[in-house]
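Here is the structure we will look at.
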Amino acid sequence: MDENRLKGRRQVFQGRVIDVGVEEVELPNGQLVELEIIRHPGGAAAVALDGDGRVCLLRQYRHAGGGWLWELPAGKIDPGEGPLGTARRELEEEAGVVAEDWTDLGPMISSPGVFTEVIHLYLARGLQQAGHEHERDEVIEIHWLPLTQALDWCADGTIRDAKTLIGLFRANALIGRRAGLDLESPGC
């Protein structure tokens, strides 16, 4: 967010997770406008891929999303916690696994017209079982399915969650690039 363009802000609502306000902003063309902005601390998500090429997807009930959605393990960044720490915590809490190897897949912005949330995406490998504990407001089923099936679900609309779509596509692209490099490397 370009704070230099912010000229004023009127808070409308402060909740546990979001802060809603009307912000006066100077646009790059010099126009002053009022924008309704939802500030959010950000989040992180993990594309957990096991040794058999299966990815962890959660079937989670989301009232705002109209019911059941397929999602990556993910959550809100807590105060004092970095994005990778959030991804590690959420993978263990929601999916019951920990990962040895983490690769940054980059950030994504879910709805930049009104929402400041940035979600940091990671590829998690070298998985081991751990305990998990869902929060009271979470209704979650844990599923492991082939990455190819998850990508098919991205293409046919079964998966509709933006962070999950982007995370799966980015992970697949990274894996494909690495496989191509490995095939071209001498001694492989």
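Out of [x] 33, 21, 16; [y] 28, 26, 17; [z] 41, 21, 14, which label holds the value of semi-axes √(5λ) of the Cα gyration tensor in Å that was computed here?
Matching the structure shown: [x].
So, counting K/R as plus one and D/E as minus one, what does the shell of residues with Cβ under 12 Å around Val17 add up to?
-1
Could you sort 27-36, 12-21 so that the peptide with the highest average Cβ count within 10 Å comes first and the rest follow in order?
Per-residue mean Cβ counts within 10 Å order the peptides as 12-21, 27-36.
With the crude spin-label approximation of a point 7 Å out along Cα→Cβ, what separation in nm comes out for Arg16 versus Glu100?
Each label point is offset 7 Å from its Cα along the Cβ direction, giving 3.7 nm.
For the range 74-100 and the range 1-26, what is the centre-to-centre distance using only Cα atoms, to the nearest Å?
27 Å
What are the ³J(HN,Hα) values, in whole Hz, obtained from phi via the Karplus relation 6.51 cos²θ - 1.76 cosθ + 1.60 with θ = phi - 60°, for each residue of the range 78-88 in sequence order, with x given for Gly and Pro?
Result, rounded to whole Hz: 7, x, x, 10, x, x, 5, x, 5, 4, 4.
Let me have the relative contact order for the chain, percent, based on Cα pairs under 8 Å that are six or more residues apart.
Relative CO of the chain lands at 22 percent.
Find how much the distance from Gln31 to Arg125 grows on full extension, using 0.36 nm per residue of separation minus their present alpha carbon separation; answer in nm with one decimal. Mind dumping the intermediate values first?
On the way: separation 94, 0.36 × 94 = 33.84 nm, distance 4.77 nm.
Length gained, Gln31 through Arg125: 29.1 nm.
How many nm separate the modelled label positions at Ile142 and Glu81, each set 7 Å beyond the Cα in the direction of the Cβ?
1.7 nm
Read the figures in this text as sums done on the coordinates, not as results from a lab. Computed from a predicted structure; not experimentally measured. Counting neighbours? That spans all protein chains shown, and the Cβs are built from the backbone with ideal geometry, glycine included.
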